[in-house]
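The values are calculated or read from the model by the stated rules, or taken from the named source; none is laboratory data. What you see is a predicted model; the values in this text were computed from it and never measured. Reconstructed Cβ throughout: ideal geometry from the backbone, glycine too, with neighbour counts over all protein chains shown. In case anyone asks, the SASA skips ligands and DNA or RNA and just uses the protein heavy atoms, side chains included. Shrake-Rupley method; radii C 1.70, N 1.55, O 1.52, S 1.80 Å.
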Amino acid sequence: MPEIDPWGDVEITDYEATMAQFGIEPVAELADRLPDNRLVRRGIVFGHRDLDTVLDARDESDPFAMMTGIMPSGVFHFGHLGVVEQVLMFQEMGAQVTLCAADIESYTTRDVSLEDARELVIEEYLLNYVALGLNLDATDFYFQSQAGNDHHVRSKLFARHVTQNEFEATYGNADPGKMASALTQYADILRPQSTEHGGPKPTVVPVGIDQDPHVRLTRDVASRYRDTSYRKPASTYHRFMRGLQGGKMSSSDPKSYIALTDSIPDAKRKIDEAKTGGRVSIEEHREKGADVEEDMVFELLAYHLVEDDDELNRIRTEYESGAMLSGELKAIAKERLETFLREHHRKREEARPKVEQYVADNLPGAVH
Ligand code: TRP
């Protein structure tokens, strides 16, 4: 099995094999210690490392943290919601919340200027996160480029605790931009445990599995670094929602995703054009039923648009039996999507003054 390249095209087909290869544990075994959550119930959040350290802290009323990061490279779409929902879940559980906008990474690996990154972060990330329920006042939100001197000093000290061999074995190669952003990411992940942020504590990092290489090396760095007794960070992993046309959901292909800022007509059109598991003729569909596993509209419903399991199962059964046609499934999705987007667009505008104030108070202009 190949290594995972966090900057490459990661498409995982066999999650079980990937878990076995990298020693990721199933989340199902901890589900009864987590709040009831749709993504956990449905196995969309499927794996973890050491999540029990965070749950133990919660049970003992000890401090614990949640940190994750976003690389500003495009629009914010439904594929990003899996992380947001976990951020909100850990926020509700009482975690100290840290969010990083990875503008150094998008500069070094995607050629996005710091100004453009700043714009994207405000419009695509902050506004959507706050509209979805992030409590910005209780969040340490920062740009990598403004993370502070101590943060960047630590990221350089960490260089001593990873070898060239490990770097190459983990990432495939060690070009300078990747090295710089990887070391910055280790400092990001360990930031909630820094002295300025209250010292060592269990920390969970919800990420897509493409980020696991960073988690693994940060765990090594944490245990080798002697100047602070860092706890090894914990992590959770979610399945990637596939693109609306099948295959990968990708920010560079607008037909593959629905953005949270898409207009309602655009979003509906994307549903109309999506790949379904419907059969070529109505007769065949009635006879064989839909191939639900290959239906991207059903996937969207299951991930984000139908909360109630009984309702989702009813839809699945009818669709699989052939009683429900693809057009009828799409009608359900379009109706749900319209309700969601209408509400979300309103909340975004409601969030705007608060976000603008936060940016003015906390996030100075881009570095030159
Ligand atoms: N590398 C992540 C991405 O590509 C962004 C990121 C930066 C991050 N720092 C992080 C993710 C810390 C999790 C934790 O999206």
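Residue-by-condition table, conditions (1) among the aliphatic types (A, V, I, L, M); (2) within 12 Å of the ligand (Cβ to nearest atom); (3) surrounded by 22 or more Cβ atoms within 10 Å (Cβ to Cβ); (4) not in a loop (DSSP other than H, G, I, E, B):
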| site | (1), (2), (3), (4) |
| --- | --- |
| Thr68 | no, yes, yes, yes |
| Gly74 | no, yes, no, no |
| Leu81 | yes, no, no, yes |
| Phe90 | no, no, yes, yes |
| Val97 | yes, no, no, yes |
| Cys100 | no, yes, yes, yes |
| Thr108 | no, yes, no, yes |
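Pick from segment 177-218 the residues that are basic (Lys, Arg) and farther than 15 Å from Thr68 by Cα: which of them is modelled with the highest pLDDT?
Here the answer is Lys201.
If we scan segment 21-30, do we find a residue that is out of contact with any Cys (no Cβ under 7 Å at 6 or more places or on another chain), more than 30 Å from Phe340 (Cβ to Cβ), within 16 Å of the ligand (Cβ to nearest atom) and assigned by TED's automatic domain parsing to the domain that holds Asp111?
There is at least one residue in segment 21-30 that is out of contact with any Cys (no Cβ under 7 Å at 6 or more places or on another chain), more than 30 Å from Phe340 (Cβ to Cβ), within 16 Å of the ligand (Cβ to nearest atom) and assigned by TED's automatic domain parsing to the domain that holds Asp111.
Can you work out which of the residues in segment 246-265 that are open to solvent by less than 60 Å² (accessible area, probe 1.4 Å) and not hydroxyl-bearing (Ser, Thr, Tyr) is nearest to Arg110 (Cα to Cα)?
Met249
Could you pull out the residue among Ala138, Ala159, Ala169 that is more than 16 Å from the ligand (Cβ to nearest atom), open to solvent by 10 Å² or more (accessible area, probe 1.4 Å), at pLDDT 95 or above and more than 20 Å from Lys232 (Cα to Cα)?
Ala138
Just to be sure I understand the filter: pairs with C-beta atoms under 9 Å, separated by 6 or more residues or on different chains, first member in segment 147-174 and acidic (Asp, Glu), second member open to solvent by 60 Å² or more (accessible area, probe 1.4 Å). Which pairs pass?
Close Cβ pairs satisfying both conditions: Asp150/Thr195; Asp150/Glu196.
Taking the residues in segment 285-315 that are loosely packed, with under 14 Cβ neighbours inside 10 Å and touching a helix residue (DSSP H, G or I) at 6+ places or on another chain (Cβ under 8 Å) as candidates, determine which candidate is nearest to Gln86 (Cα to Cα).
Looking at residues that are loosely packed, with under 14 Cβ neighbours inside 10 Å and touching a helix residue (DSSP H, G or I) at 6+ places or on another chain (Cβ under 8 Å), I get Glu307.
Can you say whether Ala174 is at pLDDT below 95, away from the ligand (no atom under 11 Å from the Cβ) and assigned to a loop (DSSP other than H, G, I, E, B), as far as the supplied structure shows?
So Ala174 fits the description; yes.
Residue by residue through segment 177-218, note down the ones that are within 12 Å of Ser235 (Cα to Cα), away from the ligand (no atom under 11 Å from the Cβ) and crowded, with 22+ Cβ neighbours inside 10 Å.
Across segment 177-218, the qualifying residues are Pro202, Ile209.
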